[in-house]
Amino acid sequence: MPALLLIAHGSRDPRHAATVAALVDGVRARRPGLDVATAYLDHCAPRIPQVVGRLDDAVAVPLLLNRAFHAKHDIPAALRAAGARLPVADVLGPSPLLLAALDRRLAEAGLDVASSAVRARTGVVLAAAGSSDPAADAATRATAAAWRRTRGWAAVEVAYAAGSGPYVPDALAALRAAGATHTAVAPYLLAPGRLPDRIASSATDADTVADVLGPAPEVATLLLQRYDQARTAAEAQLPALTA
């Protein structure tokens, strides 16, 4: 069975690598015997060339929520530069599992997400990093719309930690204007770092502030799902390539 090569962005913040390591532990616990390796695009070690050389067979799985510049350009370029011709799985989003992970983090922050009455009066800010790629931002907005539709929140507004906004305070004001009597901020980010800290510091007026997705069980399950999908697709192409 091919190894799962988890490719993360990397950060100078040590919490990032610690979170990735915890997530890898969750993947290994769900699939004992599967070789799981980690490589980083930047800031952290090991880098992709250091890892791919020791893997006989692998499927690369990006630790990314949206298909933006890192997924479209950086990861394929880094794999090519390392001489690695690996199947590359799709990014994590969108997925119902990510919505479940967001629910989990809000519940851990004290919000009674199981109560339909609480959800009906709660407005949520889905706080993402932000991207210069319009398709990535559109995917985040679609996730927000699906979250509201499937959970019955009073409203869900998207905010960004970087770029031209809207920012968390703007989104909180929009929720209150829409009639939400309780407000919550849910970071749509995978690991701690500068942008999640910026979101938290700008969310002081919110009633509930959740943690990043991190090593949520749903994220570990989703990584394996993306791995399986890419492995199956690659195996289906083998007869055509050898014919």
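Tabulated values for the structure
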quantity	calculated
Pairs, first under 13 Å from LEU41 (Cβ atoms) and aromatic (Phe, Trp, Tyr) in the range 51-76, second outside any helix (DSSP H, G or I) and open to solvent by 20 Å² or more (accessible area, probe 1.4 Å), C-beta under 8 Å, six or more apart	PHE69/SER131; PHE69/SER132; PHE69/ASP133
All positions within the range 152-167 that are closer than 20 Å to ARG194 by Cα, among the hydrophobic types (A, V, I, L, M, F, W, C) and either touching a Gly at 6+ places or on another chain (Cβ under 8 Å) or open to solvent by 50 Å² or more (accessible area, probe 1.4 Å) (or both)	ALA159, ALA161, ALA162
Residues of the range 178-192 satisfying the condition of being among the small types (Gly, Ala, Ser) and surrounded by fewer than 20 Cβ atoms within 10 Å (Cβ to Cβ)	ALA178, GLY179
Conditions (1) modelled with pLDDT of 95 or more; (2) farther than 28 Å from ALA127 by Cβ: number failed by ASP56	(1)
Residue match in the range 89-106 (condition: open to solvent by 40 Å² or more (accessible area, probe 1.4 Å), of a type in the set (D, E, K, R) and more than 22 Å from GLN225 (Cβ to Cβ))	no
Residue list for the range 21-73, restricted to those being farther than 21 Å from ALA136 by Cβ and among the β-branched types (Val, Ile, Thr)	VAL24, VAL27, VAL36, THR38, ILE48, VAL51, VAL52, VAL59
Residues that are surrounded by fewer than 24 Cβ atoms within 10 Å (Cβ to Cβ) and either of a type in the set (Lys, Arg) or under 11 Å from ALA128 (Cβ atoms) (or both), drawn from the range 168-177	ARG176
Unique match (being open to solvent by 20 Å² or more (accessible area, probe 1.4 Å) and closer than 17 Å to LEU102 by Cα) among ARG198, ARG149	ARG149
Any hit, the range 10-19, residues being open to solvent by 60 Å² or more (accessible area, probe 1.4 Å), at pLDDT below 95 and not aliphatic (A, V, I, L, M)	yes
Residue selected from the range 37-46 under the condition modelled with pLDDT of 95 or more and open to solvent by 10 Å² or more (accessible area, probe 1.4 Å), by the criterion farthest from the chain's Cα centre (by Cα)	PRO46
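The values are calculated or read from the model by the stated rules, or taken from the named source; none is laboratory data. Computed from a predicted model, the values in this text were never measured in an experiment. Because the Cβ atoms are built from the backbone with ideal geometry, glycine has one as well, and the counts that use them run over all protein chains shown. The accessibility values were calculated without ligands, DNA or RNA, using every heavy atom of the protein model including side chains. Shrake-Rupley method; radii C 1.70, N 1.55, O 1.52, S 1.80 Å.
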